[in-house]
């Protein structure tokens, strides 16, 4: 069952990557490019797990597994850049500051180094078969993936700022669910991979929203209230009819 799920994840991620690539060809956005790199790493990871039973234990699968773990540590922190780029293109003022953008790259690089140092370097692999999946795993149990956790917390903060600015909560809710879901899926590797695939789907939806943002639902009310009149008399392209007041109606007579 797990092998089938890894195969399905791989196919779905390929479709997500193709759709993301179409957006990137249209926008040439660096944030979308970072999403493509993360999708590629996830395709590789799930593909190796799906093909493990075909390849079998040996030097080839072990080498592919090393690259799988390196990719998982090195690529996901790049989503910090994607989140900041979404916020900038959506009108979040501070996200467009040059210092913030440089800081985002510095943070992403620091998280990559942290992930490689803590989760990869100095460790050894051993062959295992888990629920029918032929794979290589770490010989010793490591600490939780701190780089991914810190990245997710940053995306939650960026998503909150985006929500406050635009009333679009997609990035905030998706990042929050990623954090909670990965916590609940600890040790359940196939479930964790499914949660990561779902999160990349949410990010693709966020990219589509950035391209075609919906108007803020409360903006008309707020703009009318600031001018001291009810929104019913605010023009919407054609001359609006003022709302009728109580004085317009005849008084009831006995």
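May I ask you to verify whether residue 107 is out of contact with any strand residue (DSSP E or B) (no Cβ under 7 Å at 6 or more places or on another chain) and either more than 26 Å from residue 40 (Cβ to Cβ) or modelled with pLDDT under 95 (or both)?
no
Can you spot a residue in the stretch 58-72 that is within 16 Å of the chain's Cα centre (by Cα), in a helix (DSSP H, G or I), at pLDDT below 95 and under 24 Å from residue 151 (Cα atoms)?
yes
Could you tell me whether any residue of the stretch 168-185 is at pLDDT below 90, over 26 Å from residue 23 (Cα atoms) and not in a helix (DSSP H, G or I)?
yes
Looking only at the stretch 114-126, which residues are surrounded by 15 or more Cβ atoms within 10 Å (Cβ to Cβ) and out of contact with any strand residue (DSSP E or B) (no Cβ under 6 Å at 6 or more places or on another chain)?
Within the stretch 114-126, 114, 115, 116, 118, 119, 120 qualify.
Just to be sure I understand, how many residues within the stretch 136-163 are touching a strand residue (DSSP E or B) at 6+ places or on another chain (Cβ under 6 Å) and assigned to a strand (DSSP E or B)?
Of the residues in that region, 2 qualify.
Exactly one condition in (1) surrounded by 18 or more Cβ atoms within 10 Å (Cβ to Cβ); (2) touching a strand residue (DSSP E or B) at 6+ places or on another chain (Cβ under 9 Å); (3) in contact (Cβ under 8 Å) with a residue 60 or more places away in the chain is false for residue 68; which is it?
That leaves (3) as the condition not met.
The values are calculated or read from the model by the stated rules, or taken from the named source; none is laboratory data. Predicted, not measured: the structure shown is a model, and the values here were computed from it. Please note: Cβ atoms are built from the backbone with ideal geometry, for glycine as well, and neighbour counts cover all protein chains shown.
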